[in-house]
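Asker: Below is a structure I'd like to ask you about.
The values are calculated or read from the model by the stated rules, or taken from the named source; none is laboratory data. What you see is a predicted model, and the numbers here were worked out from it, not measured in a lab. So basically every Cβ, Gly included, is an ideal-geometry build from the backbone, and we count neighbours across all protein chains shown.
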Amino acid sequence: MCDRSWVRQFRGKYEPPLFWIIFILGAVGNLMVVWIYSTVRNRLKTMTDVYLLNLAVADLLFLCMLPFWAVEAVKGWDFGISACKIVSATYKINFFSSMFLLTCISVDRYIAIVQVTKAQNLKKKRLFYSKLACMGVWFVSVLLALPEFIFAQVKTDQKQQTSCTLVYWNNEYNRTKILVLSLQICMGFFLPLLVMFFCYSVIIRTLLQARNFEKHKALRVIFAVVCVFVLSQLPYNSLLIVEATQAANATMTECETVIGVDIAGQVAKSLAYTHACLNPFLYVFIGVRFRQDLMRIVKCAGGLGKGGLSKMQPVPKRPSVMSDTDTTPALSI
């Protein structure tokens, strides 16, 4: 039996402070996003608005689970099996919904920038389609997270330390574990990644062929979205592939290998968690429209004595800025 106590000690040192930082920054940032969309802009005007609002809600839902993991890293899991299943599944739901929503944004931007005529013809229906797409995203995400509801268990080791982990059915060649991991990796990561790669490749080519310099500024948003997506999620999903390979190869049981994979998996998962707090910062530093809305809030907050925030009016309709077929604003968030 391989002693993994050092892995728990490693987790107990770095995970709690990191998770609390992600929780605080992510909660403040995503609540600000929800407030801007629901109060400052008053209503959702574009497909991207709908997707970004759902993305913020998904991140907030996941962030509520981080304190449980922070406590578990130090004291073990003392919250019961039901909470174990809910917390584990919530992370996966956030992971899949975030990937699918980013994919929906890439498809929406592809239609708005590359298929301009089609975008104009569907202009009145696109907002409705985006809401249907979001419903589909949440439904599929819950389906892909069902294994967490089924297999998440509270496990006690030889030192009587408890942990919330996945315990798959013990069948020949670990078929259940391999099937679950393969399905989640393919459907929840590689498929969205392929769609995003195709859409953004065509978008970049289209923008580079445009003579208007302003349209080239939209590339910053594209690169930011793709880089954050890859940097935060690729390491974790790569480790899932290693885990699936390890499950398929029963002879890979060396203790050092197992511990190394465990530590790498914890670090990669922590890196993936940071995605929940990064999006609001991308909107502030890169998104022109979001930054303008945030500045309105700051200015109004400065006039609280004069009823600043209470008298703050929704952003007036700006056709040139809100147009789905205007390349630069469409990607400026």
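Asker: Quick one: how many residues across region 169-189 are farther than 16 Å from A145 by Cα and surrounded by 13 or more Cβ atoms within 10 Å (Cβ to Cβ)?
Answerer: 2
Asker: Search region 282-307 for residues that are within 17 Å of Y37 (Cα to Cα) and in a helix (DSSP H, G or I) and pair each with any residue that is of a type in the set (D, E, K, R) and at pLDDT below 70 when their beta-carbon atoms are under 8 Å apart and the residues are at least 6 apart or on different chains.
Answerer: If the second residue must be of a type in the set (D, E, K, R) and at pLDDT below 70, the pairs left are D293/R41; C300/K311.
Asker: For region 1-36, which positions are among the hydroxyl-bearing types (S, T, Y) and at pLDDT 80 or above?
Answerer: Going residue by residue through region 1-36, those that are among the hydroxyl-bearing types (S, T, Y) are 5, 14.
The answer is Y14, and nothing else.
Quick grid of which residues meet (1) surrounded by 23 or more Cβ atoms within 10 Å (Cβ to Cβ); (2) within 25 Å of F198 (Cβ to Cβ):
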site	(1), (2)
G76	no, no
Y91	no, no
T103	no, yes
I113	yes, yes
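Asker: Residues of region 64-96 being among the hydrophobic types (A, V, I, L, M, F, W, C), modelled with pLDDT of 90 or more, assigned to a helix (DSSP H, G or I) and more than 11 Å from the chain's Cα centre (by Cα), which ones?
Answerer: Result: L66, F68, W69, A70, V71, I81, A83, C84, I86, V87, A89.
Asker: Answer yes if at least one residue in region 135-158 is at negative phi, in a loop (DSSP other than H, G, I, E, B) and surrounded by fewer than 17 Cβ atoms within 10 Å (Cβ to Cβ), and no otherwise.
Answerer: Checked region 135-158: at least one residue is at negative phi, in a loop (DSSP other than H, G, I, E, B) and surrounded by fewer than 17 Cβ atoms within 10 Å (Cβ to Cβ).
Asker: Would you mind stating whether V87 is touching a residue at least 12 places away in the same chain (Cβ under 8 Å) and surrounded by 18 or more Cβ atoms within 10 Å (Cβ to Cβ)? Let's see the steps before the verdict.
Answerer: Working: touching a residue at least 12 places away in the same chain (Cβ under 8 Å): yes; surrounded by 18 or more Cβ atoms within 10 Å (Cβ to Cβ): yes.
So V87 passes the test.
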